[in-house]
Amino acid sequence: QVQLVESGGGLVQAGGSLRLSCAASGSIFSIKAMAWYRQPPGKQRELVASITSGGSTNYADSVKGRFTISTNNAKNTLYLQMNNLKPEDTAMYYCNCLRDLTLYWGQGTQVTVSS
């Protein structure tokens, strides 16, 4: 069992920045990958960015060049630095990790970007 807790969401103006954090606890050994997903209003959850234990990253086309995913392994924490935010980035953002054959999810943190 892995517990994930997101923080750092909030309300920002277009062009602003936020940094989301996801703290992992519990059975955190051998986590192979972590990711950020988001669910905009009226849409299904979508992958934003992912990172493997080897440091390989992938990003959705809509956030490339603006968002950066990273980890602090000593703190068991995942980050998403979000720059140049746009109103279309408004969504509930969820942390995710892959351990063994199971995906674990956090409770989400709301990001709202005003125009």
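What does the charge count around Cys97 come to, taking other residues whose C-beta lies under 13 Å from its C-beta (Lys +1, Arg +1, Asp -1, Glu -1)? Each step should come with its number before you reach the end.
Working: positive: Lys32, Arg99; negative: Glu6, Asp100.
Local charge sum for Cys97: 0.
By accessible area, using a 1.4 Å probe on protein heavy atoms only, segment 1-91 has 47% of its surface on carbon and sulfur. Apply 1/(1 + (r/R0)^6) to the Cβ-Cβ distance of Ser115 and Thr52, taking R0 = 35 Å, and write down the FRET efficiency to the nearest 0.05. The pair Ser115/Thr52 has a calculated efficiency of 0.50. Among Gln44, Gln81, Gln13, the residue with the largest mean-square fluctuation in a Gaussian network model of the chain, with springs joining Cα atoms closer than 10 Å, is Gln44. Isolated cysteines of the chain, defined as having no other cysteine beta carbon under 4.7 Å away, are Cys97.
In segment 1-105, the alpha-carbon atoms span a convex hull of 98 Å³ per residue.
Solvent-accessible surface of the chain, taken per residue with a 1.4 Å probe and all protein chains present: 53 Å².
With contacts taken as Cα pairs under 8 Å at a separation of at least 6 residues, the chain carries a relative contact order of 37 percent. Scalar couplings 3J(HN,Hα) for segment 96-111, obtained by applying the Karplus form with A = 6.51, B = -1.76, C = 1.60 to θ = phi - 60°, are 9, 9, 10, 10, 6, 10, 10, 9, 10, 10, x, 7, x, 9, 7, 10 Hz; x denotes Gly and Pro.
Computed about its Cα centre, the charge dipole of the chain is approximately 100 debye, with only Lys, Arg, Asp and Glu carrying charge at their Cβ. The C-alpha radius of gyration of segment 61-114, expressed as a fraction of 2.2 N^0.38 Å, stands at 1.28.
The values are calculated or read from the model by the stated rules, or taken from the named source; none is laboratory data. Just so we're clear, the structure is a prediction, and the values are computed from it rather than from any experiment. Every residue, glycine among them, receives a Cβ derived from its backbone with ideal geometry; neighbour counts consider all protein chains shown. To get the accessible areas, we keep the full protein, side chains included, count just its heavy atoms, and leave off ligands, DNA and RNA. Shrake-Rupley method; radii C 1.70, N 1.55, O 1.52, S 1.80 Å.
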